[in-house]
Amino acid sequence: MSASPVLSMETLASLCKRRGFIFQSSEIYGGLNGFWDYGPLGCELKRNVREAWWRDMVLHREDVVGLDCSIIMHPRVWEASGHIGGFADPMADCRQCKKRFRADQLCEEQGLKLIKTEKGFALPEGTQCTACGSKELTEPRAFNLMFKTFVGPVEDESSVAYLRPETAQGIFAQFANVLATSRQKVPFGIAQIGKAFRNEINPRNYTFRSREFEQMELEFFVKPGTDQQWHDYWVEERMKWYHSIGLPKASITKYVYPKEELAHYASACVDVMYAFPFGVQELEGIAARGDFDLSRHQQFSNKSMEYFDPDTQEKFIPHVVEPSAGVDRITLALLCNAYREEWLPQGDKGGAVLLAEPGKQAPEGYEARTVMRFAPRIAPIKVAVFPLLKNKPELVQKTRDLFTLLRRHWNCFYDQAGAIGRRYRRQDEIGTPFGVTVDFQTLTDDTVTLRDRDTMQQVRLPIGKLLDEINTRIEAGMPE
Ligand code: GAP
């Protein structure tokens, strides 16, 4: 099969809306730029991403524990972390049409590079407004990305607080409490999944850059001097994880930061990149941040962040390696990767499947299908259960019983409406990997057919073997 034609984000967004993966937030009021809602299938997909991460990063490891911090924290947290002083993007306005841009992105789009000056930033000669073409743009100025709010009934400077722009700082602020209560020893990690908020100047590329999103962050605390070794370890672990959720090796790359691009306290940083239809972009950053965060919190709170090593009798502030991923970006990558339009031999009889050619009709004897090839592990619905006919009560009863049995294990869907082929197509389009059909033979010998979404092959097997067979197939994952 040849390579897929490039997917347009409009096509993906249209499927996501039609089938209940992603909706525009507050759509009935015209939407709100940079905010998205996940529908019945989208929230299952996202939940599976979170669960896969939590299982692999926390539950399956003895050296990582979980944490769930509040979204609004003491404002001193953000002073210590440097977010109040420095968490800003350069912003420029068009004087003609009043459109506002992130200055670095505006330059990039025109093959230019934003100039760093002593005071801040300057636009290079020839930068234009991409909306109206005017060259009359304001000088870039720093725009802090944190959402401000007030705590309590009085709205003044003393009650200002912020919605967290990352989950990481909650982990650093609670480091001592977790250490005291979890009986962990360095090296060990603290993991957190939760919402983060950034008032992005230019939210774009569908859910890729949003103003409200979810992060999955691990702060892995290590002995000073072992940073590099742990950084290498986590980069490899994380690359493997992306393959385990169904992103093919060829679509995932690493961007290794050169020294001059690293923050002053960091000794290494690697971004995990995915080839989106709109370009190769970051899914996750894995940074070796030294003792910067814990030292700053020690300094600002006057509380010790030191660790006493019982084996060596040494005292030190642990260094940290931080794999920090975005749930929404990973979900978007999974949606992009899964989407495929195909032509298949009519009648669901199996046979060679062709990749559909854009804008063309399926050839004679073929029909078109859209299929979401999610890895079974993360598919929103694992098994669809069908009675061959809906007007035969014995068939329907048998299917409902089977449905009740299967849904104790996985998210399943029961469908009796329409021709069986149409029911298969509906499940293909939402990425359900397995279909189980109950027919007349089932009533005599307790066997069913199990259909595979990708090969469309059907096998007949006893109901007693169904759970094991589906489990084995979920574990096996996807071929590369
Ligand atoms: N604690 C480190 C940190 O927050 P980051 O690179 O700013 O690092 C980590 O964010 C991850 O969070 C990114 O790799 C991305 O997946 C996700 N992320 C960041 N900003 C985002 C946004 N505006 N919309 C969606 N996801 C975002």
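The values are calculated or read from the model by the stated rules, or taken from the named source; none is laboratory data. Just so it is clear, the structure is predicted and the values come from calculations on it, not from any experiment. Reconstructed Cβ throughout: ideal geometry from the backbone, glycine too, with neighbour counts over all protein chains shown. The accessibility values were calculated without ligands, DNA or RNA, using every heavy atom of the protein model including side chains. Shrake-Rupley method; radii C 1.70, N 1.55, O 1.52, S 1.80 Å.
For region 443-480, name all the residues that are of a type in the set (V, I, T) and touching a Pro at 6+ places or on another chain (Cβ under 9 Å).
T447, V448, I470, I474
Which condition number in (1) among the aliphatic types (A, V, I, L, M); (2) under 30 Å from V371 (Cα atoms); (3) modelled with pLDDT of 95 or more is the one that V270 fails?
(2)
Could you please let me know if L389 is open to solvent by 10 Å² or more (accessible area, probe 1.4 Å) and touching a residue at least 60 places away in the same chain (Cβ under 8 Å)?
no
Search region 199-213 for residues that are open to solvent by less than 40 Å² (accessible area, probe 1.4 Å) and near the ligand (Cβ under 8 Å from one of its atoms) and pair each with any residue that is in a loop (DSSP other than H, G, I, E, B) and of a type in the set (V, I, T) when their beta-carbon atoms are under 8 Å apart and the residues are at least 6 apart or on different chains.
F213/T207
Inspect all residues belonging to region 93-115 and state whether any of them is surrounded by 13 or more Cβ atoms within 10 Å (Cβ to Cβ), in a helix (DSSP H, G or I) and touching a helix residue (DSSP H, G or I) at 6+ places or on another chain (Cβ under 9 Å).
No: region 93-115 contains no residue that is surrounded by 13 or more Cβ atoms within 10 Å (Cβ to Cβ), in a helix (DSSP H, G or I) and touching a helix residue (DSSP H, G or I) at 6+ places or on another chain (Cβ under 9 Å).
Quick check on this structure: which one of P203, P248 is touching a strand residue (DSSP E or B) at 6+ places or on another chain (Cβ under 8 Å) and not polar (S, T, N, Q)?
P203
Every residue, every condition in (1) touching a Cys at 6+ places or on another chain (Cβ under 8 Å); (2) of a type in the set (A, V, I, L, M), yes or no:
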site: I171; (1), (2): yes, yes
site: T181; (1), (2): no, no
site: K185; (1), (2): no, no
site: G189; (1), (2): no, no
site: N205; (1), (2): no, no
site: E219; (1), (2): no, no
site: T226; (1), (2): no, no
site: I252; (1), (2): no, yes
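If you take the residues in region 214-237 that are assigned to a strand (DSSP E or B) and within 14 Å of the ligand (Cβ to nearest atom), which one is farthest from K46 (Cα to Cα)?
Here the residue is F220.
Residue check: is A176 farther than 25 Å from R102 by Cβ and touching a residue at least 60 places away in the same chain (Cβ under 8 Å)?
Taking the combined requirement at face value, the residue satisfies it.
Among residues belonging to region 149-173 that are outside any loop (DSSP other than H, G, I, E, B), in contact (Cβ under 8 Å) with a residue 12 or more places away in the chain and surrounded by fewer than 20 Cβ atoms within 10 Å (Cβ to Cβ), point out the one that is farthest from the ligand (Cβ to nearest atom).
So, considering only residues that are outside any loop (DSSP other than H, G, I, E, B), in contact (Cβ under 8 Å) with a residue 12 or more places away in the chain and surrounded by fewer than 20 Cβ atoms within 10 Å (Cβ to Cβ), the one farthest from the ligand (Cβ to nearest atom) is V160.
Mind checking which residues of region 177-229 are more than 21 Å from E62 (Cβ to Cβ), of a type in the set (A, V, I, L, M, F, W, C) and more than 26 Å from the chain's Cα centre (by Cα)?
Within region 177-229, none qualify.
Step by step: first the residues of region 290-331, then only those that are within 30 Å of M9 (Cβ to Cβ) and among the charged types (D, E, K, R), then the one that is surrounded by the most Cβ atoms within 10 Å (Cβ to Cβ). Which residue is that?
Taking the candidates together, the pick is R329.
If we keep just the residues of region 174-198 that are open to solvent by less than 30 Å² (accessible area, probe 1.4 Å) and within 23 Å of E79 (Cβ to Cβ), which is farthest from the ligand (Cβ to nearest atom)?
Ranking the candidates gives V178 first.
Within region 36-57, how many residues are in a loop (DSSP other than H, G, I, E, B) and farther than 15 Å from L332 by Cβ?
Selection size over region 36-57: 0.
Tell me, yes or no, whether region 309-317 has at least one residue that is aliphatic (A, V, I, L, M), more than 14 Å from the ligand (Cβ to nearest atom) and more than 30 Å from E79 (Cα to Cα).
no
Given the residues K240, K249, which is the only one that is at pLDDT 95 or above and either within 27 Å of Q105 (Cα to Cα) or more than 14 Å from the ligand (Cβ to nearest atom) (or both)?
It is K240.
Just checking, how many residues over region 318-339 are more than 15 Å from the ligand (Cβ to nearest atom) and closer than 22 Å to Y38 by Cβ?
Total satisfying the criteria: 3.
Residue by residue, here is whether (1) crowded, with 19+ Cβ neighbours inside 10 Å; (2) farther than 20 Å from I430 by Cβ holds:
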| position | (1), (2) |
| --- | --- |
| K17 | no, no |
| S25 | no, yes |
| N33 | no, yes |
| L41 | yes, no |
| E51 | no, no |
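Of the residues A287, A263, which single one is aliphatic (A, V, I, L, M), farther than 25 Å from W54 by Cβ and within 26 Å of the chain's Cα centre (by Cα)?
A263
Any residue at all in region 116-125 that is open to solvent by 30 Å² or more (accessible area, probe 1.4 Å) and assigned to a helix (DSSP H, G or I)?
No, region 116-125 has no match at all.
Quick one: would you say E357 is within 28 Å of H243 (Cα to Cα), among the charged types (D, E, K, R), touching a Pro at 6+ places or on another chain (Cβ under 8 Å) and surrounded by 13 or more Cβ atoms within 10 Å (Cβ to Cβ)?
yes
In region 156-190, how many are modelled with pLDDT of 95 or more and of a type in the set (K, R)?
2
Restricting the first residue to region 249-265 and requiring it to be under 19 Å from E284 (Cβ atoms), which pairs with a second residue that is exposed (fewer than 14 other Cβ atoms within 10 Å of the Cβ) meet a Cβ separation below 7 Å and a spacing of at least six or different chains?
From region 249-265, the pairs are K249/E480; T253/V280.
Can you list the strands (runs of 3 or more DSSP E) found entirely within region 319-400 that contain at least 3 residues being in contact with a helix residue (DSSP H, G or I) (Cβ under 6 Å, 6 or more places away or on another chain)?
319-326, 366-372, 383-387
Could you run through region 270-289 and say how many residues are surrounded by fewer than 20 Cβ atoms within 10 Å (Cβ to Cβ) and either more than 10 Å from the ligand (Cβ to nearest atom) or among the hydrophobic types (A, V, I, L, M, F, W, C) (or both)?
6
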